[in-house]
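The values are calculated or read from the model by the stated rules, or taken from the named source; none is laboratory data. These numbers come from a predicted model, not from an experiment. In this analysis, Cβ positions are derived from the backbone assuming ideal geometry, glycine residues included, and neighbour counts consider all displayed protein chains.
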Ligand code: 13P
């Protein structure tokens, strides 16, 4: 007889993770951060990952539509008929392979982040909350065709020492120690991009110094600012 304190068996854990990923994809759609078939999400799963399918709107997505693949793109389980992994599986797999602390990757085409990215603009330290992405700025990766290895390489470089980056002429990517954290950061990046675009209406805003951004980072660490609101620090985390 099993007690409620025992860890769930792997099949139940996988089903739980699939449900969490679908809920997160739907939330991105409902909050306006994604639309149609734009964007994709993944969570670390064993030696590989669970990833959203290509070309399927989030509102039509069900847990069984997700794909379990290894970090070279090989299937770890049979896919549902007609389903293939997101075209950005390389980007997701490369981030998870090279960043052991990362458990989830979220990619969206959110409007304001994408508008800045169309100009190839980084988000500079115009606001102290930029620190939430891991440093004094949020870099914009150079452009490469969606789904390409080159885009994955550019993204990995822009994510160096960061949990978020913009993708030129494309969108944004966030990572987290949990799905909830990666999702919360995607919302934060979109908000910061919106604020920065508004601030730019009056000209280039003055920036906070690197010393002040370090002070903010220390203060956030001291207060565990943002981390508690974003859910548990490891695993997929709750998104509901
Ligand atoms: P997928 O539907 O293949 O995930 O592609 C959407 C996307 O946003 C590509 O960058």
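Couple of notes before you dig in:
- Every condition in (1) within 25 Å of residue 215 (Cβ to Cβ); (2) within 16 Å of the ligand (Cβ to nearest atom) is met by residue 190 except one, and the failing one is (1).
- Selection within the range 21-54 - in contact (Cβ under 8 Å) with a residue 24 or more places away in the chain, more than 13 Å from the chain's Cα centre (by Cα), near the ligand (Cβ under 8 Å from one of its atoms) and assigned to a loop (DSSP other than H, G, I, E, B): 38, 54
- Of all residues in the range 164-205, those satisfying the criterion of being without any contact (Cβ under 8 Å) to a residue 60 or more places away in the chain, surrounded by fewer than 24 Cβ atoms within 10 Å (Cβ to Cβ) and either more than 23 Å from residue 23 (Cα to Cα) or touching a helix residue (DSSP H, G or I) at 6+ places or on another chain (Cβ under 7 Å) (or both) are 168, 169, 188, 198, 200, 201, 202, 203, 204.
- Of all the listed residues (193, 199, 227, 238), the sole one being touching a strand residue (DSSP E or B) at 6+ places or on another chain (Cβ under 8 Å) and either assigned to a loop (DSSP other than H, G, I, E, B) or at pLDDT 95 or above (or both) is 193.
- Meets criteria (surrounded by 23 or more Cβ atoms within 10 Å (Cβ to Cβ) and under 16 Å from the mean Cα position of the chain (by Cα)) for residue 66: no
- Residues satisfying the stated conditions in the range 55-75, i.e. away from the ligand (no atom under 16 Å from the Cβ) and part of a helix (DSSP H, G or I): 63, 64
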